1. Give me the pairs: first residue in the stretch 117-140 and closer than 20 Å to F37 by Cα, second residue part of a loop (DSSP other than H, G, I, E, B) and basic (K, R), beta-carbon distance under 7 Å, and six or more apart or on different chains, which are they?
2. L248 passes all but one of (1) closer than 30 Å to Q17 by Cα; (2) in contact (Cβ under 8 Å) with a residue 24 or more places away in the chain; which number fails?
3. If you go through the stretch 135-169 one residue at a time, how many are over 21 Å from the mean Cα position of the chain (by Cα) and either polar (S, T, N, Q) or surrounded by fewer than 14 Cβ atoms within 10 Å (Cβ to Cβ) (or both)?
4. In the stretch 23-132, which strands (runs of 3 or more DSSP E) lie fully inside it and hold 3 or more residues that are over 27 Å from F147 (Cα atoms), modelled with pLDDT of 95 or more and of a type in the set (G, A, S)?
5. Go through the stretch 46-61 and count every residue that is among the aliphatic types (A, V, I, L, M) and either in contact (Cβ under 8 Å) with a residue 60 or more places away in the chain or loosely packed, with under 13 Cβ neighbours inside 10 Å (or both).
6. Only residues that are surrounded by fewer than 20 Cβ atoms within 10 Å (Cβ to Cβ) and within 14 Å of S81 (Cα to Cα): list them for the stretch 1-26, please.
7. What number of residues within the stretch 31-45 satisfy the criterion of being buried (at least 16 other Cβ atoms within 10 Å of the Cβ) and touching a residue at least 60 places away in the same chain (Cβ under 8 Å)?
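The values are calculated or read from the model by the stated rules, or taken from the named source; none is laboratory data. The model shown is predicted, which means the values in this text are computed figures rather than measured ones. Positions of Cβ are generated from backbone atoms using ideal geometry, with glycine treated the same way; all protein chains shown enter the neighbour counts.
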Amino acid sequence: MPELPEVEVVRSGLASQLIGKTISQVETFHSRTLRNFKGTKKQFSQQLIGRTIKDVRRRGKFLWLVLADEDWVLSAHLGMSGQFLFQNTADKRPNHSRAIFGFSNLSQNLIFTDQRTFGWINIEPVIFDLNQKPIPVSVKKIKPDLFAKEFNESQTIKELQRRKTCVKNAILNQEIISGVGNIYADEALWYAKLDWKTPADQVSQLEYQELIAALQQVMKQALRDGGTSFDALYVNVNGESGYFEQSLRAYGRAGQLCYRCKSKLIREAFGVGRGSTRCPQCQKRKTAAR
């Protein structure tokens with residue numbers, strides 16, 4: 001699933017071409033893509049055509065297009081395989097296309113593709129968060145991410161330390177920190193030398209400070225590298241893959257040697273259908289106190 005770096009790469013790509021452009025055409029092709037929209041496909045199109053895009057914003061893994069002089073936005077979540085791609089208007093639309101947006105002052109169409117159909121697009125009213133920032137309703141409970149001006153490290157650590165779950169589950173909670181997913185959680189935990197299974201309420205303030213710094217470090221590097229692409233399910237708006245995969249230290253490297261201590265990395269079951277990779281030497285598991 002695309003995480004903060006991948007979604008930010010997409011947001012930046014959309015902003016570079018869409019700000020100031022006016023929507024002239026909207027077609028949708030799959031009911032799941034509009035499952036959150038309370039209306040018909042025709043009503044969805046009618047509400048958007050003629051609207052000019054003022055900005056493209058993001059919080060965590062959520063994207064939205066700000067429409068000029070309106071109190072609602074066009075929002076989106078990429079899910080596991082959602083992509084926004086610019087394409088010449090004369091070209092055949094790609095497989096798994098779920099929506100097409102045309103613009104009166106842009107020579108290309110914007111295509112939303114989604115092979116697994118976990119992603120969505122929607123028209124949502126705007127509300128204001130606790131910092132009086134305008135956001136879509138779907139983002140109401142999503143906390144600012146690590147790069148937002150509103151991110152409060154000390155308050156975030158206090159919230160994390162109140163949790164009775166493992167530390168990895170805690171940092172994946174989008175209502176505490178947004179934008180973190182399985183890839184960057186594993187990477188940051190490796191850099192911070194923390195076992196993912198450590199109870200969140202047993203991690204010290206200093207350990208959390210190091211973990212947050214590690215999250216910021218790996219995400220900044222991933223942004224420079226265009227995100228992480230393991231397959232064609234994540235590309236940027238021009239269809240190009242990111243190459244942060246080459247810099248991974250933990251995620252996806254089970255059975256390979258740790259870059260720090262040369263121990264063999266292990267993969268452990270984490271939740272349903274997911275795993276967590278760690279170094280058994282660098283990220284030692286603490287014995288529960290009797």
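1. Short answer, once both residue conditions are applied: W120/R35; I127/K140.
2. So the condition that L248 fails would be (1).
3. Within the stretch 135-169, residues that are over 21 Å from the mean Cα position of the chain (by Cα) and either polar (S, T, N, Q) or surrounded by fewer than 14 Cβ atoms within 10 Å (Cβ to Cβ) (or both) number 7.
4. Ranges flagged: 97-103.
5. Residues flagged as among the aliphatic types (A, V, I, L, M) and either in contact (Cβ under 8 Å) with a residue 60 or more places away in the chain or loosely packed, with under 13 Cβ neighbours inside 10 Å (or both) within the stretch 46-61 amount to 1.
6. M1
7. Result for the stretch 31-45: 4.
For (1) surrounded by 13 or more Cβ atoms within 10 Å (Cβ to Cβ); (2) in contact with a helix residue (DSSP H, G or I) (Cβ under 8 Å, 6 or more places away or on another chain); (3) among the polar types (S, T, N, Q), each residue gets a yes or a no:
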residue	(1), (2), (3)
I171	yes, yes, no
E175	no, no, no
I183	yes, no, no
L206	no, no, no
L215	yes, yes, no
V237	yes, yes, no
R253	yes, no, no
R260	yes, no, no
T277	yes, yes, yes
